[in-house]
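Working notes, beginning with the structure itself.
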Amino acid sequence: KSGQSSSSISPNKNVRRNLDFEPLSTTALILENRPANLPAKPEEEAQKHRQEYEEMVAQAKKRELKEAQKRKKQLEDRCKLEESIGNAALTWSQEILPNWQSMCSSKRVRDLWWQGLPPSVRGKVWSLAIGNELNITDELYNICLVRAKEKWNAFVAPTAAAETESEDAGLSHADREASLELIKLDISRTFPNLCIFQQGGPYHDVLHSILGAYTCYRPDVGYVQGMSFIAAVLILNMDTAEAFIAFANLLNKPCQMAFYRMDHSLMLTYFAAFEVFFEENLPKLFAHFKNNNLSSDIYLIDWIFTLYSKSLPLDIACRVWDVFCRDGEEFLFRTALGILRLYEDILTHMDFIHIAQFLTRLPEYISAEKIFSSITSINMNSKNKKWAQVRIFL
């Protein structure tokens, strides 16, 4: 028995010794001999098991090699991207920004702009592109903030003077309290995955201050749901006062003001203009939406109110903002058409409910290259008329 056992073990040991590595799993058990109280394996079965084991090891090696190559390529791509961002940051900070007025409209700068702004200069470029037509200063922001804090404190013990002031502004105490409650609620829902704007987070008070100051600066507009996302994106890229100035000027743009003041007649002209380009660029999907009675306001309102910062991954939303700051409101609707084109094949097989659900909650993982390629393919000329001309004549 001892002779038989040693002779039957040695071939298997040799086979396993010749393998470069051995997976730590139960698959190796097929090479083991049977217990002594059972009949020994036939040679054909032992050979079959050795072959199966070697095939499994070969497949494991192949998978590991493929994964290693994939990791290597990802690392190389990441290094290239970081190098590209670094070079672009130098170009923007050393060449373009010091000569902004003379270079901002050049083809070279516009091409660089389309590729995405480096994070280190994004806030500065946004600020310059948005401008400050309202001539808001840091001092004005501080004044509005002080007034906002006074009003917050007044809700604890409202006075007759505070009530008179609110009535003069056209707002009841209940309206102002509802506005502040909405700010508080919206802040808690602003980029919850980042955990920096919620209560106790590093940017909670900053976001609360900017939104509160704006309600004092524009009591006729007040706070509207969705503003928190716009302010939050600005806070991530600028200091507080600069973010407030950009925020107020951005919301003062015709498109944003029409939506935030809920000017239905103006909003309808935007929706109608959008559908003109929708039908020309994506006739099949346009017809499918019409057959399902799905109007553009169902998905456009949320996209426009938050400038895509709630709907798209934050890095892609910032790239949309980059070009929006360059091209204006037209790019917001071009982006919408780009999204629809990207998912056209999926959407054409959905009904009303599923389309609405899909467009209000886009996939979490979206390729920036694919979505911008889709946006590029959108033609924003209709019968030799550009976006602004189409919207005006509707």
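The values are calculated or read from the model by the stated rules, or taken from the named source; none is laboratory data. Because the structure is a prediction, the values reported are computed rather than measured. Here Cβ is always computed from backbone atoms with ideal geometry, including for glycine, and neighbour counts include all displayed protein chains. SASA here: full protein model, heavy atoms, side chains in, ligands and nucleic acids out. Shrake-Rupley method; radii C 1.70, N 1.55, O 1.52, S 1.80 Å.
Counting residues that are outside the structural domain of F372 (by the TED database), in contact with a Leu (Cβ under 8 Å, 6 or more places away or on another chain) and closer than 25 Å to A241 by Cα, which helices (runs of 4 or more DSSP H) fully inside segment 42-148 reach at least 1?
Values: elements: 43-91, 100-103, 107-114, 119-130.
Helices (runs of 4 or more DSSP H) meeting the threshold: 100-103, 119-130.
So A287 ticks every box in (1) over 23 Å from D345 (Cα atoms); (2) among the hydrophobic types (A, V, I, L, M, F, W, C); (3) not assigned by the TED database to the domain that holds I187 but one. Which box is left unticked?
That leaves (1) as the condition not met.
So which residues in segment 197-228 are surrounded by fewer than 24 Cβ atoms within 10 Å (Cβ to Cβ), at pLDDT 95 or above and among the hydrophobic types (A, V, I, L, M, F, W, C)?
The one that is surrounded by fewer than 24 Cβ atoms within 10 Å (Cβ to Cβ), at pLDDT 95 or above and among the hydrophobic types (A, V, I, L, M, F, W, C): V206.
What helices (runs of 4 or more DSSP H), lying completely within segment 317-394, carry at least 2 residues that are open to solvent by less than 80 Å² (accessible area, probe 1.4 Å) and polar (S, T, N, Q)?
Qualifying helices (runs of 4 or more DSSP H): 368-376.
Is it true that K48 is out of contact with any Lys or Arg (no Cβ under 7 Å at 6 or more places or on another chain), more than 30 Å from C216 (Cβ to Cβ) and open to solvent by 70 Å² or more (accessible area, probe 1.4 Å)?
yes
Within segment 304-316, restricting attention to residues that are open to solvent by less than 10 Å² (accessible area, probe 1.4 Å) and part of a helix (DSSP H, G or I), which residue is farthest from L337 (Cα to Cα)?
Checking each candidate, the answer is I316.
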